[in-house]
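Below is one structure, written out as structure tokens; the observations come after it.
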Amino acid sequence: MEWTPKLSVGLAVLDDDHKQLIRIINQLGADSLKEDRRAAIRQSLVALRRYAEFHFAREEKVLMACAYPHLEEHQGEHRDFVQRIQDLTRQFDADPDDLAMIVN
């Protein structure tokens, strides 16, 4: 995944958060190529979930302050994203050698 100016929401702090999420997602792909990939992937999955939750809380506060009209829908997207990370983590814990879920 690559950050482009097209992804900008126009608020530096949120753009920086989005860039960090992209870095962590890209790190997952890189982790799958490492010799000690199991530990690295697990660590990146944990980092992704934690950072996503941190970022989503911050973003939702901004959206509330701006009276964003689609806040509930956006919060649902956030919940879905975190759920997807949790599902990936469970799949990985069940079969750490199945890397298709990480690199796809």
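Solvent-accessible surface (1.4 Å probe) assigned to Val62 amounts to roughly 40 Å². Sort all Cα-Cα distances of the chain into consecutive 5 angstrom bins from zero, then give the percent of pairs in each bin up to the one containing the longest distance. Bins of 5 Å from zero give 2, 12, 20, 22, 18, 12, 8, 4, 1, 0 percent of pairs. Between the Cα long axis of helix 37-65 and the first principal axis of the chain there is an angle of about 10°, rounded to the nearest 10.
Shown are Asp98, Asp17, whose ranking by accessible area with a 1.4 Å probe and every protein chain present, most to least, is Asp98, Asp17.
A full extension of the chain between Cys66 and Asp93 corresponds to an added length of 5.8 nm, given 0.36 nm per residue minus the alpha carbon distance.
What is the sum of charges, Lys and Arg at +1 and Asp and Glu at -1, for the other residues whose Cβ falls under 13 Å from the Cβ of Ala40? Taking every other residue near Ala40 into account, the sum is +1.
Within straight cross-link reach of Lys6, meaning Cα distance under 20 Å, which lysines are found once same-chain residues fewer than 8 apart are removed? Straight-distance partners of Lys6: Lys19. Could you give the length gained on full extension between Lys34 and His74, defined as 0.36 nm per residue of separation minus the Cα-Cα distance, in nm? The Lys34-His74 span can extend by a further 10.9 nm. Rounded to the nearest 20 debye, the dipole magnitude of the chain is 240 debye, with +1 charges on Lys and Arg beta carbons, -1 on Asp and Glu beta carbons, and the Cα centre as origin. Label-to-label distance for Gln27 and Val9 is 2.1 nm, based on points extended 7 Å past Cα in the beta-carbon direction.
The values are calculated or read from the model by the stated rules, or taken from the named source; none is laboratory data. Everything quoted here is computed from the prediction, not taken from an experiment. Here Cβ is always computed from backbone atoms with ideal geometry, including for glycine, and neighbour counts include all displayed protein chains. Calculation scope for accessible area: heavy atoms of the full protein, side chains included, ligands and nucleic acids excluded. Shrake-Rupley method; radii C 1.70, N 1.55, O 1.52, S 1.80 Å.
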